[in-house]
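Some notes on the structure that comes next.
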Amino acid sequence: MRIGVIASVAHRTPPRSYGPWEQVASTLAEGLVALGHEVTLFATADSLTAGRLHSESPAGYEEDLTLDAKVYESLHISAAFERAGEFDVLSNQFDFLPLTYSRLVRTPVVTTIHGFSSPAILPVYRAYADVGHYVSISDADRHPDLPYRATIHHGIDLAEFTFHAQAGEYLLFLGRIHPHKGAHRAIEVARRAGVPLILAGIIQDQDYFAEQVEPHLGPGVTYLGPVGPAERDRLLGGALALLHLISFAEPFGLSVVESLATGTPVIAHPLGSLPELVRPGETGFLPDDLDQAVKAVEQAATLNRRTCREDVETRFTAQRMVAAYEQLFTTL
């Protein structure tokens, strides 16, 4: 098939550090190329792909703040739809805006909904539901007003994650530094459990970081900032457990699956997609509160880390994800 993959242009594809949407777009594009399909990736000019690259934005607008996001998003999306006739299908990995072009072309547009940033964007999804061919990234993230073609969990390239058979001696928080992600809860749990904590990720809410994270940094709590793939692999594999104590219904926790791939179990609140990702007592724990989370830390070392890796090998590989998209694209 001839397939156009529309990535976000907030970051490079694949991302250097943060960029889950860009990572999924990259994994999909490279997997489709490996299966013999003719793939064009619409992404930033510094992106990397084994397929063809079409770029309008010289870099990600989150990485080069001189770039106007609206300008380059507009150029980026319009370029993909101006070339729509060259493709058998367009895979929209870039939120709701490309939907507004979808009635102007005959090419099917498959839109992966990477979560709903706000109820305010729902009118767009409702307006194009008859032509949108929606894919949810977890069953938990399906909206009752919308029809879906499939639920396709994200998949990862296992070659990028090293299995560690032995439990580490620190806890890890890996994600956006934002109240929803629960870095402050991770700090409290680690303190009460008496285990060192490492935090890594971009600061998305500077006030929150200054008020609820930074004052606790020092002996026992270390913040490393954003980390790239190699450092992420090392940190995940060396941890006793990943603390993912979110306070929102997360559509899909990519770092959760990445942690399990290294053998490191996950301790997460059971919100959103997390019950679909973590098997309590096997690959981690789903505590309802911080008291239960502290107890889970005490039990983390008793879990079989090989079970964590095998669960990813069974359910969350890039090959499985790409095959599911390929089947959907073929049907359309």
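The values are calculated or read from the model by the stated rules, or taken from the named source; none is laboratory data. In this text the structure is predicted, and so the values were computed from the model without any measurement. Don't worry about glycine lacking a Cβ; one is built from the backbone with ideal geometry, like all the others, and counts go over all protein chains shown. Areas reflect the complete protein model, heavy atoms only, side chains present, ligands, DNA and RNA absent. Shrake-Rupley method; radii C 1.70, N 1.55, O 1.52, S 1.80 Å.
I need the trypsin sites (Lys or Arg not before Pro) found in region 50-155, filtered to DSSP loop residues with at most 11 other beta carbons within 10 Å of theirs.
Arg106
Using only Cα atoms, figure out Rg for region 1-140 and give it as a multiple of 2.2 N^0.38 Å.
Normalised Cα radius of gyration, region 1-140: 0.98.
Which part of region 196-232 falls in the paramagnetic zone of Glu298, meaning amide N under 18 Å from the point 7 Å along Cα-to-beta-carbon?
Once the point is set 7 Å along Cα→Cβ of Glu298, 196 turn out to lie under 18 Å by backbone N, inside region 196-232.
Keeping every protein chain present and rolling a 1.4 Å probe, give me the accessible area per residue for region 157-235 in Å².
Accessible area per residue, region 157-235: 50 Å².
Express the carbon and sulfur contribution to the solvent-accessible surface of the chain as a percent, rounded to the nearest whole number, probe 1.4 angstrom.
About 50 percent, which is the carbon plus sulfur part of the accessible surface.
With the calculation restricted to Cα positions, what are the radius of gyration and Dmax of region 60-102 in angstrom?
11.7, 35
Would you mind telling me which residue in Leu174, Leu75, Leu274 has the biggest mean-square fluctuation in a Gaussian network model of the chain, where springs connect alpha carbons within a distance under 10 angstrom?
Between Leu174, Leu75, Leu274, it is Leu75 that shows the largest mean-square fluctuation.
Quote to one decimal, in nm, the extra length available between Thr66 and Arg192 on full extension: 0.36 nm per residue of separation minus the C-alpha distance between them.
Fully extending the segment from Thr66 to Arg192 adds 41.0 nm.
Return the equivalent ellipsoid semi-axes of region 224-270 as a descending list in whole Å, where each equals the square root of 5 times an eigenvalue of the C-alpha gyration tensor.
19, 12, 10
Computed FRET efficiency, Cβ-Cβ of Leu224 and Glu169, R0 25 Å: what is it to the nearest 0.05?
0.95
Roughly how large, in nm² to one decimal, is the mean projection of the convex hull of the alpha-carbon atoms in the chain?
15.9
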